[in-house]
Structures are given as C-alpha cells and as structure tokens.
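S.K.: Structure incoming, see below.
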Amino acid sequence: MSKLFSLEGKRALITGSSQGIGFALAQGLAEAGAEIVLNGRDTAKLDAAASALGGARTLEVDVTD
C-alpha cells in the first residue's frame, strides 16, 4: 500500500483510543508514521491497545473532568 501522506516525526494524542473509532484512528495515524499516545479511562484497555499497535504510549485521563 502506498502512503498518501507521511506523519513521520509527528506525535498524535487520540482521546478514547483504547477501542472503537478512536483505536481505528490511532491505527491509521500509526501507519502514516506518527508516534501515538493513546488516551482513555481504563488502564487495561489502554495497555491492550498499545500492545496491539506495537508499543504506543498511554495516558490514563478522563477528558470530561
């Protein structure tokens, strides 16, 4: 697959990224070369998502607070 654009050298913080649409966005941004920071409220889900992405960083924060 050819890349339409590159995010090499960029960092992306995606809220609600441990599952669903947020995780899919994180996957796409990672494929484009961005360093990924996953954000959510559940540490176990964040750790599983980070592992699936090959070692993304995680940040457990409730952004509604």
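The values are calculated or read from the model by the stated rules, or taken from the named source; none is laboratory data. Quick caveat, the model's predicted, so the values are computed rather than measured. Glycine gets a Cβ as well: all are built from the backbone with ideal geometry, and neighbour counts include every protein chain shown. The accessibility values were calculated without ligands, DNA or RNA, using every heavy atom of the protein model including side chains. Shrake-Rupley method; radii C 1.70, N 1.55, O 1.52, S 1.80 Å.
S.K.: What distance in nm lies between label points placed 7 Å from Cα along the C-beta direction at Ala32 and Leu59?
M.R.: Spacing of the two 7 Å Cα→Cβ label points: 1.8 nm.
S.K.: Could you report the chain's accessible area per residue, 1.4 Å probe, as an integer in Å²?
M.R.: Accessible area per residue: 68 Å².
S.K.: Further question on the same structure: If I take all pairs of Cα atoms in the chain, what percentage of them are more than 17 Å from each other?
M.R.: In whole percent, the long-distance tail amounts to 34.
S.K.: Taking only DSSP H segments of four or more residues, each worth -39500 (n - 2.57), what value at 222 nm results for the chain once the sum is divided by all its residues, to the nearest 500 deg cm²/dmol? Show your work: numbers first, answer last.
M.R.: Working: 2 runs with 22 residues, N = 65.
Counting only the DSSP helices, I get -10000 deg cm²/dmol.
S.K.: Also: Over the chain, what is the relative contact order in whole percent, taking alpha-carbon pairs under 8 Å and six or more residues apart?
M.R.: This gives 31 percent for the chain.
S.K.: Another question, then. By the scheme Lys and Arg +1, Asp and Glu -1, what is the net charge of all other residues having a beta-carbon under 15 Å from that of Asp42?
M.R.: -2
S.K.: Measure off, as a whole percent, the carbon and sulfur share of the 1.4 Å-probe accessible area of the chain, all protein chains present. Intermediate values should be presented prior to the final figure.
M.R.: On the way: 2350 of 4450 Å².
Here it works out to 53 percent.
S.K.: Also: Just want the answer: with Cβ charges of +1 for Lys and Arg and -1 for Asp and Glu, which residue in Leu38, Gly55, Gly9 is farthest toward the dipole's positive end in the chain?
M.R.: The Cα lying farthest towards the positive end belongs to Gly9.
S.K.: Filter the trypsin sites (Lys or Arg not before Pro) in region 33-65 to those in DSSP coil with at most 11 other Cβ atoms within 10 Å of their Cβ, and list the result.
M.R.: none
S.K.: Could you work out how far helix 43-52 tilts from the main Cα principal axis of the chain, as a 0 to 90 degree angle to the nearest 10?
M.R.: The angle comes out near 20 degrees.
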